[in-house]
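Asker: Below is one structure. I have some questions about it.
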Amino acid sequence: MNIPARFASLAVFVAVLGHGSAEFVATMPTITGPELSVWRILLGGAGLMVLALLIIGPRALFAPLKTDAWELTWLSVCGMSGAYFSFHIAMETASIIQVATLITTTPIFVGIANLIVNGQRLTAVKIVTSLFAFIGLVFLITDGLLEKLIGGQDSIKGILLALNSSVLGAFFAVRITPLVSRHGVLSVTALSLMTAGIGLWVGVGLIYGIWVAPHTLFERPAADFSWIIVLAFWNTTISQFLWLGGLAASPDITRASYLFYLKPIIAAALAIMILNDQISLLQVFAIIVVTGSVLVELFWPRIIIALARWGDHA
């Protein structure tokens, strides 16, 4: 991936900034929901395809299509297209903070997907952290109910769509793993994103009657043009490239991936400082519970050792 090992953590951190600001950027254009999701994935996928061609060349990039074209296609359309579509629809009713917090639960659902797809049993810590993630979800839904009761925006639909995005993303990650092992992460990711973009373009056109014409991008108002470019290339192409490249170059992939859990904090900070959004007490609890549950799982071996030492000294 051409990222030196000494810059691996920095690359991952910049990628997290990109992922963490996606919810914020998605609220800025005048277009939202289905149409914005198509613009993002089509342009972002095209950008990642160009990077892949420059880095690994056309032979390696298109190799998965020779042997696994059907599997890659249906996984990309059902998994990645569905995840991005749900994400952008969720942003129409749920807050930036709510969506970012729920997307952070993806690693929890990866474990559940592994159980369903591969029969890999859940460990005790996975069960505990999943319960805590569920409690975080309850906080967000409760917060949505309170908003509805006092006449505010009904965010429950958005919360459930964000949850759906997280679940679909988790199952996609588990099912696509064999293809990544055979062909490499960059080629599979680039092809999946581009395929998802095409699938989403067709789906949104058939369902909503919105046929996005990429050549009209330069005809859009300057503000919309700028934010679409940022969302597609910064939040998607560059962030994906740096995330994959940073993890590949890191001597400790697990430790480097911990930075992902800064996502809801970054999203909350942007929403509060720039958009003047208000964060409720329940949303604060949700961020703490969800982020904390994932961190507990990641640091579980060290926690066990620390508890054992504490027990010996007690």
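Read-outs throughout are calculated quantities, based only on the coordinates presented, and are distinct from any laboratory measurement. Nothing here was measured: the structure is a model prediction, and the numbers come from that model. Ideal geometry is used to build each Cβ from the backbone, glycine not excepted, and the neighbour counts take in all protein chains shown.
Asker: Which three semi-axes in whole Å describe the equivalent ellipsoid of the chain, each the square root of 5 times a Cα gyration tensor eigenvalue, listed largest first?
Answerer: Details: eigenvalues 181, 139, 68 Å².
Computed over the chain, the values are 30, 26, 18 Å.
Asker: State the Cα centre-to-centre distance between region 49-125 and region 165-206 in whole Å.
Answerer: 5
Asker: Considering all alpha-carbon pairs of region 1-49, what whole percent are spaced by more than 16 angstrom?
Answerer: Values: 659 of 1176 pairs.
Across region 1-49, Cα pairs with separations above 16 Å total 56 percent.
Asker: Taking one equal scatterer on every alpha-carbon of region 174-294, how large is log10 of I(q)/I(0) by Debye at q = 0.11, 0.19 1/Å?
Answerer: -0.62, -1.24
Asker: Tell me, K157, K263, K66 in order of fewest to most beta-carbon neighbours within 10 Å?
Answerer: On the way: K157 14, K263 23, K66 9.
Exposure proxy ranking, most exposed first: K66, K157, K263.
Asker: Running a GNM on the chain with Cα contacts under 10 Å, which residue among A267, A26, A124 ends up with the highest mean-square fluctuation?
Answerer: Looking only at A267, A26, A124, the largest GNM fluctuation is found for A124.
Asker: Could you give the size of the charge dipole of the chain about its Cα centre, using +1 on the Cβ of each K and R and -1 on the Cβ of each D and E, expressed in debye and rounded to the nearest 20?
Answerer: Numbers: 15 positive and 14 negative charges, 169 e Å.
Once rounded to the nearest 20, the dipole reads 820 debye.
Asker: Okay, next question. Is it possible to state the helix-based mean residue ellipticity at 222 nm for the chain, with each DSSP H run of 4+ residues giving -39500 (n - 2.57), the sum divided by total residues, to the nearest 500 deg cm²/dmol? What is it? All intermediate terms of the calculation are to be shown ahead of the outcome.
Answerer: Working: 15 runs with 236 residues, N = 314.
-25000 deg cm²/dmol, from helical runs alone.
Asker: Also: Determine, for Y261, Y208, the number of other Cβ atoms within 10 Å of each Cβ, and report the residues in order from fewest to most.
Answerer: Y208, Y261
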